[in-house]
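Just below is one structure, and these are the notes that go with it.
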Amino acid sequence: MTKIGDLMTEKLETIETSLSAQEAAMKMRDRNVSSLVVIDANSKTVGIITERDLVRKVCVHDASSKDTSVRDIMSDALVTTDAISEVGVAADIMIQNQVRHLLVVKDEDINKPLGIITPSDLARYLKENLDIDDVNATIIKSLIETEKE
């Protein structure tokens, strides 16, 4: 069985709560990621900010991204799993909690993040491990490329 640790993205980028939504967006763009783990001044994990948060909590309200802090728009109810969970378990957690970013932690400790699982990771796993026809492969490839944008 494939474990989450085998397919998670280990590249975790962080941002402090005191920084602005604009700084978060620029860091996501520069690092080519769709989320940032939010840390406080003591480097403790306190949440996550995603592209979806920026769209739904800043853009649609025509708020100033310079004047909106990460603290005000981050999701502080982190949904996590451990690296030894099976892929299906992670997918179920994401569906049940309606999240697209699942933080992978060590021993259920959010201050020990190991990586993150995104729809791109799951799509890549499916593409590599399932015998699918060209149409499905094209759909999966499109999903992966769309998330990179």
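The values are calculated or read from the model by the stated rules, or taken from the named source; none is laboratory data. Predicted model, so just to flag it, every value in this text is computed and none were measured. Don't worry about glycine lacking a Cβ; one is built from the backbone with ideal geometry, like all the others, and counts go over all protein chains shown.
List of remarks:
Residue-wise test of (1) in contact with a strand residue (DSSP E or B) (Cβ under 6 Å, 6 or more places away or on another chain); (2) within 22 Å of residue 144 (Cβ to Cβ); (3) modelled with pLDDT of 90 or more; (4) buried (at least 17 other Cβ atoms within 10 Å of the Cβ).
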position	(1), (2), (3), (4)
72	no, no, yes, no
84	yes, no, yes, no
88	no, yes, no, no
108	no, no, no, no
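- Within segment 117-144, being loosely packed, with under 12 Cβ neighbours inside 10 Å, part of a helix (DSSP H, G or I) and either among the small types (Gly, Ala, Ser) or modelled with pLDDT of 70 or more (or both) holds for 128, 129, 142.
- Considering segment 52-70, the residues that are among the hydrophobic types (A, V, I, L, M, F, W, C) and at pLDDT 90 or above include one that is nearest to residue 41 (Cα to Cα), namely 70.
- Residue 114 meets all of the listed conditions (1) modelled with pLDDT of 90 or more; (2) not in a strand (DSSP E or B) but one, namely (2).
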